[in-house]
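Undergrad: Starting off with a structure, shown below.
The values are calculated or read from the model by the stated rules, or taken from the named source; none is laboratory data. Computed from a predicted model, the values in this text were never measured in an experiment. Every residue, glycine as well, gets a Cβ built from its backbone with ideal geometry; the counts of neighbours run over all protein chains shown. Surface accessibility is based on the protein's heavy atoms, side chains included, excluding ligands, DNA and RNA. Shrake-Rupley method; radii C 1.70, N 1.55, O 1.52, S 1.80 Å.
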Amino acid sequence: MSVRVRFAPSPTGALHIGGVRTALYNYLFARKNKGTFILRIEDTDQNRLVPGAEDYIIEALKWTGLIPDEGVGFGGDKGPYRQSDRKDLYKKYAEQLVEHGHAYYAFDTPEALDAQRQAEANFTYNHQTRDSLINSLTLPPNAVQAKLLAGEPHVIRLKVEPGQEIHIRDLIRGDVVFQSSELDDKVLLKADSMPTYHLANIVDDHLMGITHVIRGEEWLPSTAHHVLLYRGFGWTQTMPQFAHLPLILKPVGNGKLSKRDGAKFGIPVFPIAWQGDTPEDSFTGFREAGFLPQAVINFMALMGWHPGSDDEIFSLDELVRQFSIEHISKSGARFDYEKAKWFNQRYIQAATDAELAGHIRPLAEARGYRTDAAFLTSVATLMKERVTFLSDFVEQGYFLFEPVSAYDDAMAQKKWNPALQPVFEALIEMLDQTPAFDAASLEAAVKQFMQERGLKPGDIFSLLRLSLAGTMQGPAVFDMAELLGKADTVLRLRTALEYFNRVAGTTAP
RNA sequence: GGUCCGUUCGUCUAGGGGUUAGGACGCAUCCCUUUCACGGAUGAAACACGGGUUCGAUUCCCGUACGGACUACCA
């Protein structure tokens, strides 16, 4: 039987990085086994539904390259893939369970149950308490019929039989045992006749032929209920195998990573930006922070999984080849932003200058910079070894696009000497007369110029750098000069000369 | 509180009855380079604790501690 796995997010807002990793592992497992990767939208909670969240999920998957074979927005013949579009289906299955004695109607109101929980700290609806509650197990049949006919609000609950051991063979954790006596009678069908996650996920996984359920560790405790449902439906022969993924933890402190941690630590925790109703509910993403999707994928793949070798850099295809569930770790992984940055740096370095030019273009355009391919490619060449984010090309390297806006005063004061005035003027003049304005020729010319005057190259080099970039950081001076061209280079040197005189005048050494 | 899961350098992790406990990020030092980076080299840095089992446990078992998830008519 061919492998079919699903990524089943709930459209309640932006999908954070933990969700993307779950999608990634499902994708890798499907591809590795020549199987099918399905996107199913779990929108059975109408109260928590957020408009736009579904589109966000799809766009995020597309950005990361985790393209589903079937699902909302991707076609497929096992749909519909949006649970609200399958609403009518679930009631039938829930009632089938009632008929076979595996579930029952319950008429207790949410308020009544809340009151119970208030009165009794550890109250749960289970085999011990259901006899004293209002349901089709305690009410005479005709009373139940009367209530149903009268349209009284009710739910359908799973009837958990006590005294059984439920074994789950988790692909990551091995044998996990639950005592059914400890389990509560979970709601399967809500009063609005929408299914809960528990019912919908079993019915849909069965109908969609899902073979492996790869999901977050937070689902492990309710898996026993899910097994009971497969038994109740008589679907145990085709029950999927389970694999519960370790959680992704906060960068510092305790607990799992939450959407608020992004703002709290000043790091992205979403693949792409999310625009909420309020600023507090809006978040940036890795994409907007200047990450390459391949770097994000590579980073996430290694949060909880290892390839069995010392290699660190993997393309999506290589990940597919290497992936195996056995190499997924059991314990939670702390979100390590420094490592994410390192991956991005590596991917930028590995990218071709032409590719990088393509990524720089929209950033340059947004700032009104020139965007011709030849120039952007040169910018990529000069900057790629010294940036961490794509945005650094136009931010840290702004002086390649526009005049210097700020000089490093301390360095200028340290390196400038009024006695250098005539020399600097002569240097500008010399450069202005240089016929070949390429880096190698310029370097040779300047070195000869200094040699003739018995100057130490160090001082002049720093001043040239300051003149062209305003800072001591950046590409090789003559590479910058070549890219800037003669006119711009000479102009910058003249502007800088005025500046040097100014700082030297205002601040006595 | 109950149920379940987990615990190797600061972080991500490899390993597995006898190892100098390996790699990567980060950090430090040095080299390269008259900038910043890249790159290269070196270094500091870990088996939570207590009992077993064993000739020998970081590795297997049991406890304890700590951490986490779940405990809704949310997923």
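Undergrad: Kindly establish whether residue A:348 is open to solvent by less than 70 Å² (accessible area, probe 1.4 Å), hydrophobic (A, V, I, L, M, F, W, C) and not in a helix (DSSP H, G or I).
TA: Considered against the rule, which asks whether it is open to solvent by less than 70 Å² (accessible area, probe 1.4 Å), hydrophobic (A, V, I, L, M, F, W, C) and not in a helix (DSSP H, G or I), residue A:348 comes out as no.
Conditions (1) without any contact (Cβ under 8 Å) to a residue 40 or more places away in the chain; (2) outside the structural domain of residue A:190 (by TED's automatic domain parsing); (3) part of a loop (DSSP other than H, G, I, E, B); (4) of a type in the set (Gly, Ala, Ser), marked per residue:
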site: A:15; (1), (2), (3), (4): no, yes, yes, no
site: A:18; (1), (2), (3), (4): no, yes, no, yes
site: A:22; (1), (2), (3), (4): no, yes, no, no
site: A:25; (1), (2), (3), (4): no, yes, no, no
site: A:30; (1), (2), (3), (4): yes, yes, no, yes
site: A:34; (1), (2), (3), (4): yes, yes, yes, no
site: A:38; (1), (2), (3), (4): no, yes, no, no
site: A:48; (1), (2), (3), (4): yes, yes, yes, no
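Undergrad: Is there any pair linking a residue in the range A:403-416 that is assigned to a loop (DSSP other than H, G, I, E, B) to one that is charged (D, E, K, R), with Cβ under 9 Å and at least six apart or on different chains, and which?
TA: Every condition considered, the pairs that remain are A:403/A:488; A:403/A:492; A:404/A:492; A:416/A:459.
Undergrad: Turning to a different aspect of this structure: Among A:206, A:198, which is modelled with pLDDT of 95 or more, touching a helix residue (DSSP H, G or I) at 6+ places or on another chain (Cβ under 9 Å), of a type outside the set (D, E, K, R) and more than 10 Å from RNA strand B (Cβ to nearest atom)?
TA: So the residue among A:206, A:198 that is modelled with pLDDT of 95 or more, touching a helix residue (DSSP H, G or I) at 6+ places or on another chain (Cβ under 9 Å), of a type outside the set (D, E, K, R) and more than 10 Å from RNA strand B (Cβ to nearest atom) is A:206.
Undergrad: Next up: If I ask for residues that are near RNA strand B (Cβ under 7 Å from one of its atoms), assigned to a helix (DSSP H, G or I) and within 21 Å of the chain's Cα centre (by Cα), which ones from the range A:319-340 would you list? Give the derivation first.
TA: Start the filter on the range A:319-340 by keeping residues that are near RNA strand B (Cβ under 7 Å from one of its atoms), which leaves A:327, A:329-334, A:336, A:338-339.
Still in the list and also assigned to a helix (DSSP H, G or I): A:327, A:338-339.
Correct list: A:338, A:339.
Undergrad: Also, I was wondering about something else. Which of (1) more than 19 Å from residue A:12 (Cβ to Cβ); (2) away from RNA strand B (no atom under 13 Å from the Cβ); (3) surrounded by fewer than 17 Cβ atoms within 10 Å (Cβ to Cβ); (4) of a type in the set (Gly, Ala, Ser) does residue A:232 not meet, given it meets every other one?
TA: Result: residue A:232 passes all but (3).
Undergrad: Among the numbered conditions (1) farther than 24 Å from residue A:58 by Cβ; (2) in contact (Cβ under 8 Å) with a residue 60 or more places away in the chain, tell me where residue A:341 comes up short.
TA: That leaves (2) as the condition not met.
One line per residue, one yes/no per condition, for (1) outside any loop (DSSP other than H, G, I, E, B); (2) open to solvent by 30 Å² or more (accessible area, probe 1.4 Å):
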{"residue": "A:90", "(1), (2)": "yes, no"}
{"residue": "A:96", "(1), (2)": "yes, yes"}
{"residue": "A:112", "(1), (2)": "yes, yes"}
{"residue": "A:117", "(1), (2)": "yes, yes"}
{"residue": "A:126", "(1), (2)": "no, no"}
{"residue": "A:142", "(1), (2)": "yes, yes"}
{"residue": "A:156", "(1), (2)": "yes, no"}
{"residue": "A:161", "(1), (2)": "no, yes"}
{"residue": "A:167", "(1), (2)": "yes, yes"}
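Undergrad: Being open to solvent by less than 30 Å² (accessible area, probe 1.4 Å) and either part of a loop (DSSP other than H, G, I, E, B) or among the hydrophobic types (A, V, I, L, M, F, W, C) (or both) is the filter here; which residues of the range A:183-208 pass it?
TA: Correct list: A:183, A:185, A:188, A:189, A:194, A:196, A:199, A:200, A:202, A:203, A:208.
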